[in-house]
Amino acid sequence: MTEPRSDVCPLCEADRAPVVYDTMAQMFWVVADPALTDRFAPVRLRQCRTCGHVFNLALSPETIAEIYRRQTATNRPVSADMHKRYQTLLDFLGRERLVGKRILEVGGGTGSLARLLADLGAAVTVVEPNDELPALLGDQAERIRVVNDFFGPDTVDETFDGVICRQVVEHIADVRPFVRALGDAVAPGGFAYVEVPTLEFIADAGAYMEVHVQHLHYFDAAARRRLLADAGLEVTGSLDIMQGHDVGILARPGRPAVEDRNPAPSAIDRVGDRRRAHEAFLAAFDGAPDRTAVYGATSQGVTFYNLFAEGAAPTRFVDDNPDYGGRFAYGRGGTATIHPRSDALLAGLDHVFVGAYHHQAAISAKLKDDGYRGTVWSTDPRLPTIERVR
């Protein structure tokens, strides 16, 4: 069987899409096994000349499967903002769509949302390939049906009142059949909720930290509409998330008419520009690696960490996710152990880079409350370069 060509657009099938961004990045963000800290893969973004879609199909199916089997499960809420985001989603969907309804969640991560849905009285089925999910659910496992596998056209043979798929579609190589399967799982009169990062945010901010191995697609508004329409889903509403970083799309079964191409595709020139600006800052940075840390072992923080040169990379990450303690993040410059925030840890640091830049205000407040006296640096790509917070 012939492997699909990496230059063929997965949305409109036009070929010869040119490369617009090219680098090597970590396969995993957080790992328990230190033997995995030398695993890198290409990020080779192409942009379709016909419809404007931006994608990376440089990975083999075997590599993609390994990533999602072995990557540490994410999305456990560890801050007030993260808890608020769940509540905002539940309010947006409305109790009438959830209470007493049969809900399918595709890509449940740590099961945090599934627990909330079950608390509302929904009958929840979660499809999630990560091996850690059943253990993470613990005593909730009896209330939540888990299908510990990848989702696809043959995963479920029933329909649901609601299908929720958050931060998953951008990870799927053969994306059109996947989204069609989401649409097929929606019962008549039901809804689909699909949440993805936006290409608009990445392009406008030059947010290179949002471009990594695990994201295979970067959708703008036109691409999102075309993809859902192809799956028989009509957009009925949207939820702005983190000032345009993500968007939640509410849809119902339908056959809307959509444009065949994007008349004004997003250009991502700023992504390379901001990456080079941060690399230049770090090349001149003289902080001692053993007295420097990155706060936030998120995809953004780990992608930022990959900019440190060999021998100059901080030896520690700080993260509030209790699942991460003692695990590892890595980059081209070395490997760092992940620690929970503590007085003893902070007392040994002169510099903290806020890798999880979306939570910069909350992280800065925690450090201040803990009496941290060192320098805090912002990595927010919306700023011209790395800047001192305090």
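The values are calculated or read from the model by the stated rules, or taken from the named source; none is laboratory data. Since the model is a prediction, treat every value here as computed from it, not as a measurement. Note that we place each Cβ from the backbone using ideal geometry, even for glycine, and neighbour counts take in every protein chain shown. Note: accessible area is taken over every heavy atom of the protein model, side chains too, but ligands, DNA and RNA are not part of it. Shrake-Rupley method; radii C 1.70, N 1.55, O 1.52, S 1.80 Å.
Scan the range 173-199 for residues that are part of a loop (DSSP other than H, G, I, E, B) and surrounded by fewer than 22 Cβ atoms within 10 Å (Cβ to Cβ) and jot them down. Break it down stepwise before answering.
Quick first cut of the range 173-199, residues part of a loop (DSSP other than H, G, I, E, B) only: 173-174, 185, 198.
Hits for the range 173-199 are Ala173, Asp174.
Every condition in (1) in a loop (DSSP other than H, G, I, E, B); (2) closer than 30 Å to Ala221 by Cα holds for Val271 except the one numbered (1). Is it the case that Val318 is touching a residue at least 60 places away in the same chain (Cβ under 8 Å) and open to solvent by less than 10 Å² (accessible area, probe 1.4 Å)? Criteria not met by Val318. Counting only residues that are crowded, with 18+ Cβ neighbours inside 10 Å and within 16 Å of Val31 (Cα to Cα), the range 324-333 holds 6 of them. Remark: pairs (first residue in the range 293-306, assigned to a strand (DSSP E or B); second residue aliphatic (A, V, I, L, M); Cβ separation under 6 Å; 6+ apart in sequence or on different chains) = Ala293/Val318; Ala293/Leu349; Ala293/Val352; Tyr295/Val318; Tyr295/Val352; Tyr295/Val354; Tyr295/Ile363. Within the range 339-361, which residues are open to solvent by 20 Å² or more (accessible area, probe 1.4 Å), in contact with a helix residue (DSSP H, G or I) (Cβ under 6 Å, 6 or more places away or on another chain) and not in a loop (DSSP other than H, G, I, E, B)? Of everything in the range 339-361, just one residue is open to solvent by 20 Å² or more (accessible area, probe 1.4 Å), in contact with a helix residue (DSSP H, G or I) (Cβ under 6 Å, 6 or more places away or on another chain) and not in a loop (DSSP other than H, G, I, E, B), namely His339. Hey, among the residues in the range 13-24 that are of a type in the set (A, V, I, L, M) and open to solvent by 10 Å² or more (accessible area, probe 1.4 Å), which one's nearest to the chain's Cα centre (by Cα)? Among those that are of a type in the set (A, V, I, L, M) and open to solvent by 10 Å² or more (accessible area, probe 1.4 Å), it is Met24. Between Arg49, Arg44, the distinction of being in contact with a strand residue (DSSP E or B) (Cβ under 6 Å, 6 or more places away or on another chain), under 18 Å from Ala203 (Cβ atoms) and surrounded by fewer than 20 Cβ atoms within 10 Å (Cβ to Cβ) belongs to Arg44 only.
Give Leu349, Leu367 a once-over and let me know the one that is touching a Lys or Arg at 6+ places or on another chain (Cβ under 7 Å) and of a type outside the set (Ser, Thr, Tyr). Before you say what the answer is, go through the steps one by one.
Numbers: Leu367 fails: touching a Lys or Arg at 6+ places or on another chain (Cβ under 7 Å).
The conditions single out Leu349.
If you go through the range 362-380 and pick out every residue that is assigned to a helix (DSSP H, G or I) and either of a type in the set (S, T, N, Q) or under 27 Å from the mean Cα position of the chain (by Cα) (or both), you end up with 6.
Looking for something of a type in the set (Asp, Glu) and within 17 Å of the chain's Cα centre (by Cα) - is there at least one such residue anywhere in the range 125-134?
Taking the range 125-134 first, the residues of a type in the set (Asp, Glu) are 128, 131-132.
Narrowing the set further to residues that are within 17 Å of the chain's Cα centre (by Cα) leaves 128.
So far as the range 125-134 goes, yes, one or more of its residues are of a type in the set (Asp, Glu) and within 17 Å of the chain's Cα centre (by Cα).
Is it the case, given these coordinates, that Leu383 is hydrophobic (A, V, I, L, M, F, W, C), assigned to a loop (DSSP other than H, G, I, E, B) and open to solvent by 10 Å² or more (accessible area, probe 1.4 Å)? Yes; evaluated as a whole, the condition is true for this residue. Within the range 48-96, being within 18 Å of the chain's Cα centre (by Cα), outside any loop (DSSP other than H, G, I, E, B), modelled with pLDDT under 80 and not aromatic (Phe, Trp, Tyr) holds for Arg69, Arg70, Asp81, Met82, His83.
The set of residues in the range 256-300 that are aliphatic (A, V, I, L, M) and either within 20 Å of Cys51 (Cβ to Cβ) or touching a Cys at 6+ places or on another chain (Cβ under 9 Å) (or both) comprises Ala257, Val258, Ala264, Ala267, Ile268, Val271.
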